[in-house]
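Down below is the structure, laid out as structure tokens.
The values are calculated or read from the model by the stated rules, or taken from the named source; none is laboratory data. The structure presented is a predicted model; accordingly, all values stated were derived computationally and were not measured. Here the Cβ positions follow ideal geometry from the backbone for every residue, glycine too, while neighbour counts run over all protein chains shown.
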Amino acid sequence: MRIDKFLWSIRFYKTRSTAADEIKKNRVSVNENPVKSSKEIKIGDSIKIRKNQIDYKIKVLELPKSRVAAKLVSTYAEDITDPQQYEILKMRKLSQDYYRIKGEGRPTKKDRREMDDFISTSGEADWSDVWD
């Protein structure tokens with residue numbers, strides 16, 4: 001099975017063309033060797049993928065006939081990624097700044113909900129009481 005089709009089949013990439021593009025950018029290697037999209041993989045191969053600024057490692061257990069359900073992915077591929085890589089990803093998500101500068105532009109739905117929650121928990125009157 002081709003590597004791009006395999007990565008799409010086990011739901012690592014949303015589309016097969018996205019998988020092919022990532023392979024062209026040398027973000028995917030099989031057994032520590034950079035590959036092309038047409039590379040045939042075998043059971044037991046180790047695939048290293050650079051995605052979201054961390055290195056995932058996958059071991060091929062079986063070759064699926066087509067795209068598989070999310071629950072069945074573990075029967076075709078085993079995640080052997082270093083746990084430290086997941087910690088790096090977790091820390092990056094926590095360290096991201098707020099999605100926009102306070103006071104800039106109109107409030108988003110999230111901002112509006114936060115304001116409504118703050119007002120309802122602060123013990124003040126409802127908006128209808130304020131404007132009447």
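From the residues in the range 75-86 that are closer than 24 Å to residue 65 by Cβ and among the β-branched types (Val, Ile, Thr), which one is nearest to the chain's Cα centre (by Cα)? Going through the qualifying residues, I end up with 80. Just for the range 31-49: of the residues that are among the polar types (S, T, N, Q) and part of a strand (DSSP E or B), which one is nearest to residue 90 (Cα to Cα)? Selected residue: 46.
Note on the range 87-132: among residues that are outside any helix (DSSP H, G or I), surrounded by 10 or more Cβ atoms within 10 Å (Cβ to Cβ) and at pLDDT 75 or above, the one that is farthest from the chain's Cα centre (by Cα) is 107.
Of the residues that sit in the range 1-26 and are among the charged types (D, E, K, R) and under 13 Å from the mean Cα position of the chain (by Cα), which one is farthest from residue 41 (Cα to Cα)? Even if it seems obvious, please write down each step before you answer.
Our first condition is that a residue be among the charged types (D, E, K, R); within the range 1-26, this holds for 2, 4-5, 11, 14, 16, 21-22, 24-25.
Filter once more, keeping what is under 13 Å from the mean Cα position of the chain (by Cα): 11, 14.
On the way: 11: 16, 14: 19 Å.
Taking the candidates together, the pick is 14.
A count restricted to the range 76-86 and to residues that are touching a residue at least 24 places away in the same chain (Cβ under 8 Å) and either within 19 Å of residue 55 (Cβ to Cβ) or in contact with a His (Cβ under 7 Å, 6 or more places away or on another chain) (or both) stands at 6. Out of 70, 77, I need the residue that is surrounded by 11 or more Cβ atoms within 10 Å (Cβ to Cβ), of a type in the set (Gly, Ala, Ser) and either at pLDDT 90 or above or more than 19 Å from residue 1 (Cβ to Cβ) (or both). Which one? Sole residue among the options that is surrounded by 11 or more Cβ atoms within 10 Å (Cβ to Cβ), of a type in the set (Gly, Ala, Ser) and either at pLDDT 90 or above or more than 19 Å from residue 1 (Cβ to Cβ) (or both): 77.
Determine if the range 50-63 includes at least one residue that is assigned to a loop (DSSP other than H, G, I, E, B) and on the phi > 0 side of the Ramachandran plot. Yes, the conditions are met somewhere in the range 50-63. Here residue 73 meets the list (1) in contact (Cβ under 8 Å) with a residue 60 or more places away in the chain; (2) part of a loop (DSSP other than H, G, I, E, B) almost entirely, failing just condition (2).
Tally time: how many residues in the range 25-61 are of a type in the set (D, E, K, R) and exposed (fewer than 12 other Cβ atoms within 10 Å of the Cβ)? I'd like the intermediate steps shown before the answer.
Initial filter on the range 25-61 (of a type in the set (D, E, K, R)): 25, 27, 32, 36, 39-40, 42, 45, 48, 50-51, 55, 57, 59.
If we keep only those that are exposed (fewer than 12 other Cβ atoms within 10 Å of the Cβ) too, we end up with 25, 32, 42.
Number of matching residues: 3.
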